[in-house]
Protein chains: 2
Amino acid sequence: MATSTTKTGQPLDRAAIDSVLRRRLFYTPSFEIYGGERGLFDYGPPGCALQANIVDLWRKHFVLEEDMLEVDCTMLTPEAVLKTSGHVDKFADWMCKDPKSGEIFRADHLVEQVLEARLKADKDARGVKVEVDEAKEAKKKKKISQKAEKLDDALVQEYEETLAKIDNYGGDELGELIKKYNIKGPTSGAELDPPKAFNLMFQTQIGPSADKPNGYLRPETAQGQFLNFQKLLEFNQQSMPFASASIGKSFRNEISPRSGLLRVREFLMAEIEHFVDPEGGKKHPRFEEVKNTKLTLLNRKTQLSGSTKCDEVTIGDAVASGLVDNETLGYFIARIQDFLLKIGVDKTKLRFRQHMANEMAHYAADCWDAELFTTYGWIECVGCADRSAYDLTVHKEKTGAALVVRETRAEPLVVEEFQIDLNRKKLGPKFRADAKAVESAVDALSQDLREKLSLELEKSGKIEVPTPGVGSGTTELEKDLIKIEKRKRTEHIREYTPNVIEPSFGIGRILYSMMEHVFWIREGDGSRGVLSFPPAVAPTKVLLVPLSSHPDFKPHTKKLTHRLRRVGVSNKVDDSSASIGKRYSRNDELGTPFGITIDFQTVKDNTVTLRDRDSTKQVRASEDEIIDAVKSLVDGEETWDDIAKRLPAFEGQEVE
Amino acid sequence: MATSTTKTGQPLDRAAIDSVLRRRLFYTPSFEIYGGERGLFDYGPPGCALQANIVDLWRKHFVLEEDMLEVDCTMLTPEAVLKTSGHVDKFADWMCKDPKSGEIFRADHLVEQVLEARLKADKDARGVKVEVDEAKEAKKKKKISQKAEKLDDALVQEYEETLAKIDNYGGDELGELIKKYNIKGPTSGAELDPPKAFNLMFQTQIGPSADKPNGYLRPETAQGQFLNFQKLLEFNQQSMPFASASIGKSFRNEISPRSGLLRVREFLMAEIEHFVDPEGGKKHPRFEEVKNTKLTLLNRKTQLSGSTKCDEVTIGDAVASGLVDNETLGYFIARIQDFLLKIGVDKTKLRFRQHMANEMAHYAADCWDAELFTTYGWIECVGCADRSAYDLTVHKEKTGAALVVRETRAEPLVVEEFQIDLNRKKLGPKFRADAKAVESAVDALSQDLREKLSLELEKSGKIEVPTPGVGSGTTELEKDLIKIEKRKRTEHIREYTPNVIEPSFGIGRILYSMMEHVFWIREGDGSRGVLSFPPAVAPTKVLLVPLSSHPDFKPHTKKLTHRLRRVGVSNKVDDSSASIGKRYSRNDELGTPFGITIDFQTVKDNTVTLRDRDSTKQVRASEDEIIDAVKSLVDGEETWDDIAKRLPAFEGQEVE
């Protein structure tokens, strides 16, 4: 699929949707009157309501449905925490500066763009008709074009191989590629400075006494959840498995923000950390409920072969075949899809892509991204990773905090092992200052070594024990000092570090992609944009439209507003002097699913008309019936078709 | 009122409530396993739910009720914006460093504490029984105490005057006071470094190309709303007045965070900017609805006289008498009180304090703080300020953006004024390069000067016009070049900069103070804490308690959970093996207002018991009736007394 189309099959015109979204203040560049600041956007009233509704649905779908423990942790984070998590050292992109123009590029993006431009120029020269991947083209903000120029066949192949591996290069390698392929500053033609790592975290100084930056804005909400693991487990009455969740802003100082809401420096995330016992195959108690969910999966093997052909499989089959690593991961993948479809994502524009082995964090066991297709191409909107025990382990090792689960074993575990007894009375006088070190070294001996040493001790009456840092590094112990025996030990408690399955949602990306999915143009006089939000997420559910400013309509409008609000249905009144058609079309752009017209008939008999945004069909009934119908539509209990069947149609006015 | 008491009249024990709040994970110090970071706290599950419920209620009470335009702006803010707003230069506290110990103090707090300690020591020496203001004492984290020591009468008076004005001193003055009163480092006894301004904003670097910090984390959500004024007015179809609103985190790098959740470095704010025409007395169309609201007001005059005696007046009277500046300000003060009472604030611990003239920002017309009484004293939780046209004006002047309202006048305005005609044909050749400057200087002439010059011109046929930067600074113009006439001009459009009334809520402070207000100890075996949250804000509404783990109870529990969730009532199951009484008392600490017990009777006849947290009384009825009752209680349609009257009491078990 190279270009994006609307649900109605029209080619999706990004300029058209952007114009609607900005005009209707879904979002707007921040600080515009100050010239703007790249990568920062404000949400206006409809965007803000849409976001709040999506977050609300997310909370119901995940947090409430599964009794997750929601936490709200601070964004300001001390350096030590992010040092341990690896972000201080590794959370960086490679940037390249053009010393002449002062421009800064993301090194991998630059190499990619230049090589792609050259390959295209080569095809032009060879007279090959290029099937343009518009979505991919659109991704390139700074389009680097080049005149037709033929390349050696070998070089073409080299370029293609380089591009396939572009995500894997480090800074030095990118620098070599830039030299080797003679890549220069695109505007200046100057030689570029070597790539430099640029950490993507915003640094700041917490408190008045620090003399240099000592903290960061968090790049993800996950760390706060890990640090509170002990307290959360305690709150959950020591019961496993359980999940925590967090909704909040995170920050990434992108080198080159672009693609509107898709690559920004401050963004809303919703993250779940599901803590699970690593033993027993990471089963999930509710997997049965989702196992028949059909998914579109793009697996690792297919990608390696250079294809993007997806499989349509049930999550049950995907887990059974081992394609998806375990039930818990599979459960969340299915639940993520449910959520995305609920808020309006087009299923034909949703796929789950498995991370390549080299793309995953080194500790991850498996990872699948929910990608949504947009005019910018396939966009990663939700990550679903098995982070294994990595995070809890590093924080535990750094701080000594017991980020573990201690469970009483149902059956005590009997372990047979080599145990060592030291004769401390003799050890002390013999080794003096070194006695403690010797003791520690002995304690640290592995079971294998203990077995070997026990035989040796039996045979020769003395052994050489490795004691790093003491004497020559080994110490001789005779059998009056040490005894090694195979004995049984009964373990009643099992201690383990849970693994973490992490579904991580970029709300802004989901919101934008979904808006593209529900956008279409109503043909007719003048083409009018429509945002067909599902009622549950629509910023406003009902528009109240009095026919005119006639004073007789006022009490009806007021009563309806009040009654709708009481049943929890958000509504707005448009009593401007514009024609009813104009007022409705304004609200089609705002995505308001239903409209109620108050007219002279209303004054006579308390009936009103109800209009459906998508079909522009109307019904007419009493205020009571219409309010019931709206409530039922918004709660998802009935569809418009249900309503149209049971309430009389109304064809009095043209209200497209 | 020197000490705080619970609703039941018990002295409020801060240690007891703190213990409950931390144990039940309402909040917890952030990064505790890393040694913690002062002034940063995480909210655990109940705190997070409580916060979400308060925010939800806020949104309904203000945003939905009045069709406010909610926006979500970024926290990252470029320096230029905060330079204009005055924050870069003025948003600072004075800090003092002890060069010996390295400790850093807020200079005004230090002077205050030392002088207060000396005054107390003086009273001790004079044998005066000091009525200790425990709340005030508690405020002092580092309590500076001193042995009894008598002071000169004159000095006592001087100290007292200094303390009364402590908020007004600048850095130099604080430095002088420290020298004059010989104030030393409290732990080291060393001479302190002179006070230095410490800007309270967190600084950071946006983008990869800046070579020094070029932005800040916002200290308030207001600026984003001001910058979007034009777009919001347009969204509102140019109609005035209107309000914008924003809910989000703000940041202040406190020199010395203290008092738990009350003085933190990262906090949730909810702010309203109500834009109003400065002409016509800032009336409010809905003032009638609130005018009989009774308030506890502490006015400026009373404070000046050294008293804190409040008046109980209606907001109608307060505005009529001029005590509160205008209707719009008064309207919001009343609405703020409504909101606070709705979420559980104790009316006897709420007052509105008017800012002293010198305490207000220089541009503010009037300002009232809603203060809540806690064990830390009276705490400012909501500010309600008339910010006049200050913010829109400074941003307009800086950027040239038209942050104004342009309204067609109902009646065109006829202005009589002196107008000037220049003969450009002659002006150009005569003044050449200076012609433009001369023209601008003439355009800039005031009406007064024009009148004077017109007389002069008539008399002598030429005039001297001030033309800064041209020639000697004045230029002679003869009557062939210039004509000055009194003429009438009709203005159809009125352009004005709106004034802003700003109610600004510190959600964390409100949340903490409210928790103190609803906390009490249930007497009985062992004293058990109870948090009597109103059902609307309680983290969980219903606890489901199966009598035991008997399998017959499971389907009932499951069905109830499901049914309650469907009617939107959050609930939790506690099927642990603890006694019913223990399970309920755990949930009293979590503030869960209602409990449903499933027992053997339930299995027989589908009846369950419903328990009221505050009275521990129970009723028994069918599942249907109990679900209806709970829904009605949570929605605030009935009280427990109503329910107890219409459903049969149950006294089967002791479930305190």
Across the stretch B:227-284, what is the number of residues that are farther than 21 Å from B:ASP386 by Cα, modelled with pLDDT of 95 or more and in contact with an Asp or Glu (Cβ under 7 Å, 6 or more places away or on another chain)? 4
Identify all residues within the stretch B:12-33 that are in a loop (DSSP other than H, G, I, E, B) and at the interface with another protein chain (Cβ under 9 Å from one of its Cβ atoms); write none if there are none. B:ARG24, B:LEU25, B:SER30, B:PHE31
Going by the conditions given, is B:PHE41 in contact with a strand residue (DSSP E or B) (Cβ under 7 Å, 6 or more places away or on another chain) and surrounded by fewer than 21 Cβ atoms within 10 Å (Cβ to Cβ)? no
Quick check on A:PRO99: is it of a type outside the set (Lys, Arg), over 30 Å from A:PRO539 (Cα atoms) and touching a residue at least 40 places away in the same chain (Cβ under 8 Å)? yes
Testing A:LEU564 on (1) out of contact with any Gly (no Cβ under 6 Å at 6 or more places or on another chain); (2) of a type in the set (A, V, I, L, M, F, W, C); (3) not assigned by TED's automatic domain parsing to the domain that holds A:VAL608, one condition comes back false. Which one is that? (3)
Residues B:ALA444, B:ALA402: which one is assigned by TED's automatic domain parsing to the domain that holds B:ILE484, out of contact with any strand residue (DSSP E or B) (no Cβ under 7 Å at 6 or more places or on another chain) and not polar (S, T, N, Q)? B:ALA444
Identify all residues within the stretch B:397-416 that are in contact with a Lys or Arg (Cβ under 9 Å, 6 or more places away or on another chain), within 14 Å of chain A (Cβ to nearest Cβ) and not in a loop (DSSP other than H, G, I, E, B); write none if there are none. B:LYS398, B:THR408
Single residue of B:GLU191, B:GLU160 found to be outside any loop (DSSP other than H, G, I, E, B), outside the structural domain of B:GLY377 (by TED's automatic domain parsing) and at pLDDT 85 or above: B:GLU160
Residue match in the stretch B:223-241 (condition: outside any helix (DSSP H, G or I), within 9 Å of chain A (Cβ to nearest Cβ) and under 26 Å from B:ALA197 (Cβ atoms)): no
Somewhere in the stretch A:304-316, is a residue at pLDDT 95 or above and outside any strand (DSSP E or B)? yes
Which is more than 30 Å from B:ALA243 (Cα to Cα), within 11 Å of chain A (Cβ to nearest Cβ), not in a helix (DSSP H, G or I) and not polar (S, T, N, Q), of B:GLY36, B:GLY9? B:GLY36
For A:GLY568, are the conditions met, namely being modelled with pLDDT under 95 and under 23 Å from B:ASP72 (Cβ atoms)? yes
Output for Cβ contacts, cut-off 8 Å, separation at least six or different chains, first residue assigned to a helix (DSSP H, G or I) in the stretch A:143-157, second surrounded by 12 or more Cβ atoms within 10 Å (Cβ to Cβ), reads A:VAL156/A:LEU119; A:VAL156/A:ASP122
Residues being closer than 30 Å to A:MET95 by Cβ and away from chain A (no Cβ under 12 Å): count how many of those fall in the stretch B:156-205. 0
Please give the strands (runs of 3 or more DSSP E) falling wholly within the stretch A:50-107 in which 2 or more residues are more than 10 Å from chain B (Cβ to nearest Cβ) and within 30 Å of A:LEU192 (Cβ to Cβ). A:92-97
How many residues does the stretch A:572-582 contain that are more than 16 Å from A:LYS541 (Cβ to Cβ) and of a type in the set (Lys, Arg)? 1
Sort through A:LEU341, A:LEU295, A:LEU268, A:LEU329 and tell me the only one that's closer than 30 Å to A:LEU40 by Cα, within 19 Å of the chain's Cα centre (by Cα), more than 14 Å from chain B (Cβ to nearest Cβ) and not in a loop (DSSP other than H, G, I, E, B). A:LEU341
Considering residues of the stretch B:553-597 that are farther than 20 Å from A:SER239 by Cβ, β-branched (Val, Ile, Thr) and more than 14 Å from every other protein chain (Cβ to nearest Cβ) only, the residue farthest from the chain's Cα centre (by Cα): B:THR597
Since B:GLU502 meets every condition but one in (1) acidic (Asp, Glu); (2) more than 30 Å from B:GLY260 (Cβ to Cβ); (3) surrounded by 18 or more Cβ atoms within 10 Å (Cβ to Cβ), which condition does it not meet? (2)
Among residues belonging to the stretch B:242-258 that are among the basic types (Lys, Arg) and in a strand (DSSP E or B), point out the one that is farthest from the other protein chains (Cβ to nearest Cβ). B:ARG258
Checking A:ASP366 against (1) in contact with a helix residue (DSSP H, G or I) (Cβ under 8 Å, 6 or more places away or on another chain); (2) more than 23 Å from A:ILE272 (Cα to Cα), only one condition comes out false. Which one? (2)
Given the conditions (1) under 30 Å from B:VAL465 (Cβ atoms); (2) part of a loop (DSSP other than H, G, I, E, B); (3) among the β-branched types (Val, Ile, Thr), which single one is not true for B:THR490? (2)
So, B:LYS283, is that one over 18 Å from B:HIS61 (Cβ atoms) and either in a loop (DSSP other than H, G, I, E, B) or outside the structural domain of B:GLY260 (by TED's automatic domain parsing) (or both) or not? yes
Take the conditions out of contact with any Gly (no Cβ under 8 Å at 6 or more places or on another chain), assigned to a loop (DSSP other than H, G, I, E, B) and within 11 Å of another protein chain (Cβ to nearest Cβ) and apply them to B:PRO208. Does it pass? yes
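The values are calculated or read from the model by the stated rules, or taken from the named source; none is laboratory data. Just so you know, these numbers come straight off a predicted model, no measurement behind them. Heads up, the Cβs are rebuilt from the backbone with ideal geometry, glycines too, and the neighbour counts pull from every protein chain shown.
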